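What follows is one structure encoded as structure tokens, with my remarks underneath.
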Amino acid sequence: MDNMLNIKINNIPCTVPYGTTILEAARSIGIEVPTLCFLKDMNEIGACRFCVAEVKGARSLVAACVYPIEREGTEIFLNTEKIRASRKKTLELILSTHERKCLSCIRSGSCELQKLCHEYGIEDEGVFDGFKPHYELDTSAAHMVRDNNKCILCRRCVAACKNQDISVIGANARGIDTNIGCAYELPLGNTSCVSCGQCIVACPTGALYEKDCTRDVFAAIADPSKYVVVQAAPSIRATLGECFDMAPGTDVTGKLFAALRRLGFDKVYDTNFGADLTIMEEANELVDRVKNGGVLPMITSCSPGWIKYCEHYYPDQLAHLSSCKSPQQMQGAIIKTYIAEKNGIDPKNIVSVSVMPCTAKKFEIGRDDQNASGYADVDYVLTTRELGRMIKTAGIRFTELPDENPDAPLGQGTGAAVIFGATGGVMEAALRTAAEVITGKELENVEFTDVRGMAGVKEASYDLAGLTVKVAVASGTKNAKILMDKVRAGTADYTFIEIMCCPGGCINGGGQPTQPASVRNFTDLKALRAAALYENDKSRPHRKSHESEDIKQVYAEFLGEPNSHKAHELLHTTYVARPMFKK
Amino acid sequence: MLKKISQIPFSDTPEQAKKLDAIIAECAGDESQLMHVMQVAQDIYGYLPFEVQKKIADGMNVPLEKVYGVATFYAQFALSPKGKYAISVCLGTACYVKGSQGVLDELCTQLGIGAEECTADGKFSLSACRCIGACGLAPVMTVNDDVYGKISASDVKGILAKYA
């Protein structure tokens, strides 16, 4: 039934494919139907009743987000008094149990509920005030806070968690007591939550947010006894602009480093260096495993959410994980050892800050064995959102900044490092280096396009000087499960697997700028942001990690060679089995 | 009302475990049978403790949070065990206007537990119910099958003493 239907929306004739929802049909003729609970392909439950529409002949108002148009001549009305009254009442009822501390709310200005209240002219937010349940904040997880007093029960976080096949949160109890929480009222930190933060970017209000460390970072910068060093992850350059209303997919590399310098950091570095270093260590570890009968397939270890997932869900498969620390931690280790030594600074006085697309990074810095210098490799992790807030607090007019470069020697990353931020990027970067290590010849084409794109699971096979290398890439833990079940069953005949915790990779990380449903439902954010990274890769003089001058320098002056004893001490780590629940 | 989670340590008999395993094995692979399995489990144990919910979740291959979500949504599922003596106080209209809330409050004080809870020694559990059809005796409470009518808070101590 893929025929076209002639319909009318607000008396405007239009033609839409059979089965199109009212929401999509309206958008196609420039009418926005406001939504609260609806997230395309993720939370299509028609529960909040905010998007109501009138359909001629229908008994009552219908939910535009999920109502399929299946009849020729359907007449839909989206701008009637009945609809405006219904939507306004829905908002008033939501507000009756909502903690209305908008001025001090982290989402003030980006809250979807606040925006709708403004658009629908709410005059009295307390008109239906009555019993209001009170919830304690859940601060048990390392990376985030749940404040159910601001929850509107839209279930978007529950859907995001289910989309990751984790489902540690859900709706508990019923009626006025209904609340989003974990089984047996366990605090989130006692569950198998992997810290991906996908729930946070799905939340329309201020009920979920990262643990903020902007005040700590401002304080460190203001402390003259501290040498405050910052690194920014590859994907930040493709997303930070969104905090300043720039179009998704705008590459703001130069402004990012200019802003960090203006915030007052003593040194401004690019995690691209850490990514290149990861490739040097990981590609050589892979070659070693292949040559010497090590555990295969080897699986990447850059994504701390993925690592935590593996430790909870596949504790029997940890030997497959590369022993490499993540780029963030490698760079942190180098900052407090090599850079400290080179500049004659006591690592005790270095405050190592990172800007990450990721909430799991906040968990990662507290793991065991992440203190190569004797002090934490990284002291504070800022999400992209937190950096955006710091820039605003500091009065820096981001869009007007000039382009600046990061500081040497941890600043000149390669194209291989930049693409770490998208699914398939680590694999491609590793292949660029492994291919040259194995064949001893220069690659003619550095682009391994088979592993690119937003498919959940990707496979490819390459012939490198007679050695067949079969690889697989998965992003999102739901897809990781598909590969890991094969690994556990012994049927995964791959040499190397890349897994990123978040769907689409870091560009879609839980620490990235939030976008409202009105954008998320109609824009392929992941593809736009990833495209910015691949364009950035193309523009770089060096596109293979082993060609980086900084990398060569650090190995020559400090580390020796990849997988050397010193490299192992500073840049590699171990993993632990974690229980599903702690009662 | 939010359900009370029992802090009493879980224990079961091999027969109970065998019955639970059997119903899970019978229904595994069909998520739509989740509630049925939970109902049978409650018949076996009298309530749904963490250990039982975990076993159901693992066996049915559904997240524990889903099992817990169902258990807390439906009134038929209990998270606290029934005591050796299950006390029920009627809060139906007639009993309520005759002061049964005071009886319930006194029971809570005497037993040191709230409604829908069980004493740590497993002896008494307390619940509030709606009309039991004995309005002529209001206010009414029951201890297992024994019915006590026209009572007041001051009678509570004496009634409990009979089961000491």
Practice prompt. Please report, ordered by residue number, the helices (runs of 4 or more DSSP H) entirely within region A:261-351 with at least 1 residues that are charged (D, E, K, R) and under 30 Å from A:LEU401 (Cα atoms).
Written response: A:272-291
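From the residues in region A:157-174 that are of a type outside the set (Val, Ile, Thr) and at the interface with chain B (Cβ under 7 Å from one of its Cβ atoms), which one is surrounded by the fewest Cβ atoms within 10 Å (Cβ to Cβ)?
Out of the qualifying residues, it is A:ARG174.
Take B:ASP58 and tell me if it is surrounded by fewer than 19 Cβ atoms within 10 Å (Cβ to Cβ), within 14 Å of another protein chain (Cβ to nearest Cβ), at negative phi and outside any loop (DSSP other than H, G, I, E, B).
Against the criterion (surrounded by fewer than 19 Cβ atoms within 10 Å (Cβ to Cβ), within 14 Å of another protein chain (Cβ to nearest Cβ), at negative phi and outside any loop (DSSP other than H, G, I, E, B)), B:ASP58 qualifies.
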Worksheet item: Given the residues A:LEU483, A:LEU528, which is the only one that is in contact with a Gly (Cβ under 8 Å, 6 or more places away or on another chain), in a helix (DSSP H, G or I) and either in the same structural domain as A:THR239 (by TED's automatic domain parsing) or among the hydroxyl-bearing types (Ser, Thr, Tyr) (or both)?
Response: A:LEU528
Discussion item. Going by what's in this entry, would B:GLN16 be described as surrounded by fewer than 17 Cβ atoms within 10 Å (Cβ to Cβ) and out of contact with any Cys (no Cβ under 8 Å at 6 or more places or on another chain)?
Written reply: yes
Worksheet entry | Output for region A:335-355, where each listed residue is among the β-branched types (Val, Ile, Thr) and in contact with a strand residue (DSSP E or B) (Cβ under 9 Å, 6 or more places away or on another chain) | A:ILE335, A:ILE339, A:ILE345, A:ILE350, A:VAL351, A:VAL353, A:VAL355
Practice prompt. Identify the single condition in (1) touching a residue at least 12 places away in the same chain (Cβ under 8 Å); (2) in contact with a Pro (Cβ under 7 Å, 6 or more places away or on another chain) that B:TYR85 does not satisfy, given that it satisfies every other one.
Written response: (2)
Practice prompt. Inspect region B:23-33 for any residue being within 14 Å of chain A (Cβ to nearest Cβ), of a type in the set (Asp, Glu) and in contact with a Ser or Thr (Cβ under 8 Å, 6 or more places away or on another chain) and give the result as yes or no.
Written response: no
Worksheet item: Which of (1) among the hydrophobic types (A, V, I, L, M, F, W, C); (2) more than 16 Å from B:PHE73 (Cβ to Cβ); (3) away from chain A (no Cβ under 14 Å) is the odd one out, the single condition B:VAL37 does not satisfy?
Response: (2)
Worksheet item: Only one of A:CYS102, A:CYS65 is hydrophobic (A, V, I, L, M, F, W, C), farther than 25 Å from A:LYS362 by Cα and outside the structural domain of A:PHE50 (by TED's automatic domain parsing); which?
Response: A:CYS102
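Here's the yes/no breakdown for (1) of a type in the set (Ser, Thr, Tyr); (2) modelled with pLDDT under 95; (3) assigned by TED's automatic domain parsing to the domain that holds A:GLY505:
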site: A:TYR338; (1), (2), (3): yes, no, yes
site: A:VAL353; (1), (2), (3): no, no, yes
site: A:PRO357; (1), (2), (3): no, no, yes
site: A:ASP377; (1), (2), (3): no, no, yes
site: A:LEU382; (1), (2), (3): no, no, yes
site: A:LEU410; (1), (2), (3): no, yes, yes
Worksheet entry | Checklist (1) surrounded by fewer than 19 Cβ atoms within 10 Å (Cβ to Cβ); (2) more than 14 Å from chain A (Cβ to nearest Cβ); (3) not basic (Lys, Arg) applied to B:GLY92, failing item | (1)
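Here is a yes/no grid of residues against (1) in contact with a helix residue (DSSP H, G or I) (Cβ under 7 Å, 6 or more places away or on another chain); (2) within 14 Å of another protein chain (Cβ to nearest Cβ); (3) surrounded by fewer than 17 Cβ atoms within 10 Å (Cβ to Cβ); (4) outside any helix (DSSP H, G or I):
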| residue | (1), (2), (3), (4) |
| --- | --- |
| A:THR491 | no, no, yes, yes |
| A:ASN536 | yes, no, no, no |
| A:TYR555 | no, no, no, no |
| A:HIS568 | no, no, yes, no |
Worksheet item: Within the set of pairs 6 or more residues apart or between chains, which connect a residue that is at the interface with chain B (Cβ under 8 Å from one of its Cβ atoms) inside region A:175-191 to a residue that is among the basic types (Lys, Arg) and part of a helix (DSSP H, G or I) with Cβ atoms less than 7 Å apart?
Response: none
Worksheet entry | Residue, nearest to A:CYS51 (Cα to Cα), within region A:11-27, restricted to residues that are among the polar types (S, T, N, Q) and surrounded by 15 or more Cβ atoms within 10 Å (Cβ to Cβ) | A:THR21
Practice prompt. Output the residues belonging to region B:103-125 that are closer than 18 Å to B:SER154 by Cα, buried (at least 17 other Cβ atoms within 10 Å of the Cβ) and in contact (Cβ under 8 Å) with a residue 40 or more places away in the chain.
Written response: B:VAL103, B:GLU106, B:LEU107, B:LEU111
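So for region A:114-131 (the condition being within 14 Å of chain B (Cβ to nearest Cβ) and surrounded by fewer than 20 Cβ atoms within 10 Å (Cβ to Cβ)), does at least one residue qualify? Before the answer, list the steps.
If we filter region A:114-131 for residues that are within 14 Å of chain B (Cβ to nearest Cβ), which is where we start, we get A:131.
Then drop every residue that is not surrounded by fewer than 20 Cβ atoms within 10 Å (Cβ to Cβ), which leaves A:131.
Taking every residue of region A:114-131 in turn, at least one turns out to be within 14 Å of chain B (Cβ to nearest Cβ) and surrounded by fewer than 20 Cβ atoms within 10 Å (Cβ to Cβ).
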Worksheet item: Which one of the conditions (1) more than 10 Å from chain A (Cβ to nearest Cβ); (2) surrounded by fewer than 21 Cβ atoms within 10 Å (Cβ to Cβ); (3) modelled with pLDDT of 95 or more does B:PHE77 fail to meet, given that it meets all the rest?
Response: (3)
Worksheet, complete the sentence: Checked A:ALA422, A:ALA472 against criteria (over 30 Å from A:LYS336 (Cβ atoms), within 21 Å of the chain's Cα centre (by Cα) and of a type outside the set (Ser, Thr, Tyr)); the one match is A:ALA472
Worksheet item: Does B:GLY83 count as surrounded by fewer than 19 Cβ atoms within 10 Å (Cβ to Cβ), away from chain A (no Cβ under 14 Å), farther than 30 Å from B:GLU31 by Cβ and of a type outside the set (A, V, I, L, M)?
Response: no
Practice prompt. Determine the pairs where a residue that is at positive phi, located within region A:462-491, has a partner that is assigned to a helix (DSSP H, G or I) and crowded, with 18+ Cβ neighbours inside 10 Å with Cβ atoms under 6 Å apart, the partner being 6 or more residues away or on another chain.
Written response: A:ALA465/A:ILE438
Worksheet, complete the sentence: Exception for A:LEU91 within (1) within 14 Å of chain B (Cβ to nearest Cβ); (2) free of Cβ contacts under 8 Å to residues at least 60 places away in the same chain; (3) not charged (D, E, K, R) falls at (1)
Practice prompt. Name the single residue, out of those in region B:61-73 being within 8 Å of chain A (Cβ to nearest Cβ) and free of Cβ contacts under 8 Å to residues at least 60 places away in the same chain, that is farthest from B:ASP30 (Cα to Cα).
Written response: B:PHE73
Discussion item. All but one of (1) within 14 Å of another protein chain (Cβ to nearest Cβ); (2) polar (S, T, N, Q); (3) surrounded by fewer than 21 Cβ atoms within 10 Å (Cβ to Cβ) hold for A:THR214; state the number of the condition that does not hold.
Written reply: (1)
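Let's see how each residue does on (1) out of contact with any Ser or Thr (no Cβ under 9 Å at 6 or more places or on another chain); (2) surrounded by 17 or more Cβ atoms within 10 Å (Cβ to Cβ); (3) not polar (S, T, N, Q):
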| position | (1), (2), (3) |
| --- | --- |
| A:GLU400 | yes, no, yes |
| A:GLU404 | yes, yes, yes |
| A:GLY421 | no, yes, yes |
| A:GLY424 | no, yes, yes |
| A:GLU442 | yes, no, yes |
| A:VAL446 | yes, yes, yes |
Discussion item. If A:SER96 meets every condition in (1) without any contact (Cβ under 8 Å) to a residue 12 or more places away in the chain; (2) on the phi < 0 side of the Ramachandran plot apart from one, which number is that one?
Written reply: (1)
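The values are calculated or read from the model by the stated rules, or taken from the named source; none is laboratory data. Here the structure is a predicted model, which is why all the values come from computation and not from measurement. Positions of Cβ are backbone-derived with ideal geometry, glycine not excepted, and every protein chain shown enters the neighbour counts.
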